[in-house]
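Inspection log for the structure reproduced underneath, given as structure tokens.
The values are calculated or read from the model by the stated rules, or taken from the named source; none is laboratory data. Fair warning: this is a prediction, and the values are worked out from it, not measured in the lab. Heads up, the Cβs are rebuilt from the backbone with ideal geometry, glycines too, and the neighbour counts pull from every protein chain shown. Note: accessible area is taken over every heavy atom of the protein model, side chains too, but ligands, DNA and RNA are not part of it. Shrake-Rupley method; radii C 1.70, N 1.55, O 1.52, S 1.80 Å.
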Amino acid sequence: NVANLSAKDPDTGQDINDTINTSNQNKNKVDYGHFLGEKTGEIKGKSGKVARVGDTILFDIIINPKEFDIKNIVVQDTMPKGLTYESAKATDGSISYSNGVMTFKDDKVAKGDKVVITITAKANGSVLNEDLVNIAYLDTDVVKKSVALSASNTDEYLIYEKDVHQVLYSDFIVQVIPKLPVTGSNDAYIATIGTIAGICGIIGIAAVYRRNEEC
């Protein structure tokens, strides 16, 4: 699974193309010169990265510019096959959902501030026993610096690095396995009921238990 990262060189303004191989699990903080955000995930109420069909998966997209203010922020996220989008919320900005794509927009996030987008998805069982990778894409303008208009006019205008594009790849790679056949813990059992016959008729009922194999 390969995603493309493009940006502009902060010094030359030239377009730069970089390739991210998402099999490398340390790519969730990649950008060109600016740490703008990251992406994490978890299975609700569970540890690890193996979910059962019907489990809830939570993804956090954290926008946290370290070096510069950013403006005109757009984040888009599409659930991979095997996960169904349910809802999303954010600590700032606005969220919409259309044609399978969650879109977040915000006017500005200042250097050192943080916005968290939390996406809730459900393991739907359409893909089993395979790595499911959720990738988001962030587009923004980076405020590089403020410049005084003149020595006598200290009003400042802002210089932007336009159209910076960052891939937010999560280290959280989930696998979905089937539901247990019996609701409950992994130690589910199946009971076989029978009767014990005696000379004078039925004298008892016996239940034989065997451990149920997981799917």
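Odds and ends about this structure:
- Condition met for residue 91 (within 17 Å of the chain's Cα centre (by Cα), modelled with pLDDT of 95 or more, open to solvent by less than 50 Å² (accessible area, probe 1.4 Å) and not aliphatic (A, V, I, L, M)): no
- Some residue of region 8-24 being of a type outside the set (Phe, Trp, Tyr), at pLDDT 80 or above and open to solvent by less than 30 Å² (accessible area, probe 1.4 Å): no
Yes or no, residue by residue, for (1) touching a Pro at 6+ places or on another chain (Cβ under 7 Å); (2) of a type outside the set (Val, Ile, Thr):
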site: 53; (1), (2): yes, no
site: 74; (1), (2): no, no
site: 78; (1), (2): no, no
site: 83; (1), (2): no, yes
site: 89; (1), (2): no, yes
site: 94; (1), (2): no, yes
site: 111; (1), (2): yes, yes
site: 122; (1), (2): no, yes
site: 128; (1), (2): yes, yes
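- Number of positions in region 56-101 that are more than 20 Å from residue 135 (Cβ to Cβ), assigned to a loop (DSSP other than H, G, I, E, B) and not β-branched (Val, Ile, Thr): 5
- Scan of region 94-110 for residues that are touching a residue at least 24 places away in the same chain (Cβ under 8 Å) and surrounded by 14 or more Cβ atoms within 10 Å (Cβ to Cβ), ordered by number: 102, 103, 104, 105, 106, 108, 109
- Taken over region 68-83, the criterion of being open to solvent by 60 Å² or more (accessible area, probe 1.4 Å) and closer than 29 Å to residue 49 by Cβ is satisfied by 76, 78, 81.
- Residues of region 36-66 that turn out to be surrounded by 15 or more Cβ atoms within 10 Å (Cβ to Cβ), small (Gly, Ala, Ser) and within 17 Å of residue 86 (Cβ to Cβ), as a count: 2
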